[in-house]
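The next block holds one structure in the form of structure tokens; read it before the comments.
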Amino acid sequence: MKKTILFVAAFSALFIVAFIPVKRNIVGTWLITYKNGNTVKLDIRTDGTIKADIPAEHFTVIGNYKMKGDVFSVTDSTCGVNYWGKYKLRFFGDDSVYSEAIEDSCLGRKSTVDKMTLIRIK
């Protein structure tokens, strides 16, 4: 009887833990590589700022971000600091994430990030 109660308790605890969503961390350095070989490096910082380096265009973009659940909101210097775009993120472990636009009419930013896989640089 004790074994049965212990088994049920352990199974219940595992069942509950299995459905607690894992909080993923977007903070870090990420790389987007496009089909033509061009890349964009994103530095996402703990202070809510983001920096994108675009080597092919010799261009750097700075901005701010917010993360709520799996929604990543971002604003930047080229689109206007008061204009936010929203992206749904799907993490594949801690080292890669897929980004898909929810809403963003800033075409430059959207073409850079929408439907892209970001790979964490270690």
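The values are calculated or read from the model by the stated rules, or taken from the named source; none is laboratory data. For clarity, every value in this text was computed on a predicted model and none was experimentally measured. No Cβ is skipped: glycine too gets one built from the backbone with ideal geometry, and neighbour counts run over all protein chains shown.
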Residue list for the stretch 1-52, restricted to those being in a loop (DSSP other than H, G, I, E, B), modelled with pLDDT of 95 or more and either among the charged types (D, E, K, R) or surrounded by fewer than 10 Cβ atoms within 10 Å (Cβ to Cβ) (or both): Arg45, Thr46, Asp47
Checked pairs for the stretch 102-120, first of a type in the set (Lys, Arg), second part of a loop (DSSP other than H, G, I, E, B), C-beta under 9 Å and 6 or more apart or across chains, list as Arg109/Thr78; Arg109/Cys79; Lys110/Asp104; Arg120/Asp94; Arg120/Asp95
Please go through the stretch 89-108 and give me each residue that is assigned to a strand (DSSP E or B) and closer than 21 Å to Thr39 by Cα, ordered by number. Leu89, Arg90, Phe91, Ser96, Val97, Tyr98, Ser99, Glu100, Ala101
